[in-house]
1. Here's a check for you: in segment 83-100, which residue that is assigned to a helix (DSSP H, G or I) and within 16 Å of residue 158 (Cβ to Cβ) is modelled with the highest pLDDT?
2. Could you check, for segment 72-82, whether at least one of its residues is over 25 Å from residue 195 (Cβ atoms) and in a loop (DSSP other than H, G, I, E, B)?
């Protein structure tokens with residue numbers, strides 16, 4: 001008789017684990033590791049821009065240092081060294097705006113020393129700066145080179161301002177060229193630059209001396225028509241010319257044996273009163289009469 005089979009042994013712990021996780025892998029699955037980031041291609045198109053920015057920063061620092069040296073040289077009157085420094089900076093594009101002031105001062109000093117040709121070289125290194133051009137116009141006028149000043153104003157690469165024209169007009173009037181100064185006024189109006197009270201005051205003084213009182217009055221009327229109000233200096237310029245005419249006439253009377261009398265003085269007082277009434281913004285000082 002066959003022997004009875006022995007009872008089955010209880011399952012081991014490993015067997016129980018295999019039963020519990022019947023998958024082919026005896027361990028639970030772990031999360032996959034993150035994928036490495038995709039490398040970005042190098043942005044080579046930014047390299048020239050960054051290089052240009054760095055170069056600009058270096059030029060700016062160099063320009064600032066050079067401008068400070070230029071200012072010091074001009075202040076000490078070392079004009080030749082300042083001129084060489086300006087020419088070394090001429091390659092900067094665009095020229096440093098901070099250099100405009102020292103360059104204008106250098107132009108003035110060169111012109112005052114009779115070196116207008118050297119001053120013009122400085123102007124060429126300043127670019128389109130009206131301050132430097134105004135200094136050159138003033139330098140030409142001070143040196144008596146009025147035609148050169150007129151050509152410079154006509155050919156300026158930047159629009160002249162009222163100061164530019166006033167400088168030229170004053171230079172022309174100071175040399176007795178009133179008709180040329182009036183032509184500059186016409187050019188000023190044609191180019192859309194409005195004259196100011198300084199412009200008309202300069203012209204009125206010259207017109208009184210050269211063309212007489214009536215012509216000055218026409219110019220004064222034109223001044224008002226253009227919307228430019230005369231100020232006390234303008235009126236004084238015109239009135240002073242009338243006083244000078246009156247003084248000359250009284251001297252002539254005395255030389256011809258007809259000295260001024262009480263009526264003459266009364267006429268003078270009446271003329272003074274009329275003049276003050278014309279200046280409506282002035283309070284009459286009645287105790288003077």
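The values are calculated or read from the model by the stated rules, or taken from the named source; none is laboratory data. Just so it is clear, the model here is predicted, and its values are computed rather than measured. Every residue, glycine among them, receives a Cβ derived from its backbone with ideal geometry; neighbour counts consider all protein chains shown.
1. In this case the residue turns out to be 100.
2. Scanning segment 72-82, I find at least one residue that is over 25 Å from residue 195 (Cβ atoms) and in a loop (DSSP other than H, G, I, E, B), so the answer is yes.
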